1. Relative to the present Cα-Cα distance, how much length would full extension add between residue 33 and residue 74 at 0.36 nm per residue of separation?
2. Using only helices, what value at 222 nm comes out for the chain when you add -39,500 (n - 2.57) per DSSP H run of length 4 or more and divide by the total residues, to the nearest 500 deg cm²/dmol?
3. Between residue 9 and residue 91, what is 0.36 nm times their sequence separation minus the Cα-Cα distance? Round to one decimal in nm.
4. R0 = 25 Å: FRET efficiency of residue 98 with residue 122, Cβ-based, nearest 0.05?
5. Taking R0 as 30 Å, what FRET efficiency do you get between residue 214 and residue 145 from their Cβ-Cβ distance, rounded to the nearest 0.05?
6. Over the stretch 146-187, what per residue volume does the convex hull of the Cα atoms give, in whole Å³?
7. Quick check on the exposure proxy: order 210, 83, 41 from fewest to most C-beta atoms within 10 angstrom.
8. As a test, work out the antiparallel percent of DSSP beta bridges whose residues both lie in the chain, rounded to the nearest 5.
Ligand SMILES: [Mg+2]
């Protein structure tokens, strides 16, 4: 974890995939299929079996990488480097043109908090000219706590971020498309914003509900709404 202490009153913790841009289409399907290929070759099993394991580990361990490490002793970095290597991905990772303007208008520190690898997050933001809006990128490699990977939605991750930022609990605002992440963040005392701009556009979200759960403070249908939300929070 590389977060710096900050005197800013508010800390925006903003998810990347399917929150700042739509990854549910070609990006996710490419990453998933590369993960399955890696598992297939590493464990010498068929594609179908490898695909079932990929999903099973993602559900059980939060990330497939952690499942592969815990169950098969597969090193983290080669798995992530292979699965998140997306040739020419700048052609299909496109942010809406207003994202930078909205991020720039939010007062406080801004951190990307993503369960994806750091290289991927940096490249995606850089290619779209958005890295300058963030003070820090908290990615998968920075989520090791007490020798265990504690990615979102782990409560320990939120605690670690709190300790590092030094800001008040309710001055942390998590913006995320995944309800499980918002639930633990709210239990921690954070403010929560459920980003639904890309809701139900990808296969992984089809089971999510459409009403506002009690642990969601704000439900927004576009990142533009963060300006309105910030007005209520500040
Ligand atoms: Mg997401």
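Laboratory data are not the source of any read-out in this text; all were calculated from the coordinates shown. This is a predicted model, so every value here is computed, not measured. Neighbour counts run over all protein chains shown; Cβ positions are idealised from the backbone, glycine included.
1. Details: separation 41, 0.36 × 41 = 14.76 nm, distance 1.77 nm.
Extra length from residue 33 to residue 74 when fully extended: 13.0 nm.
2. It comes out at -12500 deg cm²/dmol, rounded to the nearest 500.
3. Numbers: separation 82, 0.36 × 82 = 29.52 nm, distance 3.71 nm.
Stretched fully, the residue 9-residue 91 segment lengthens by 25.8 nm.
4. According to the calculation, E is roughly 0.70.
5. So the FRET efficiency works out to roughly 0.60.
6. So the per-residue hull volume is 67 Å³.
7. Fewest-to-most ranking of 210, 83, 41: 210, 41, 83.
8. 10 percent
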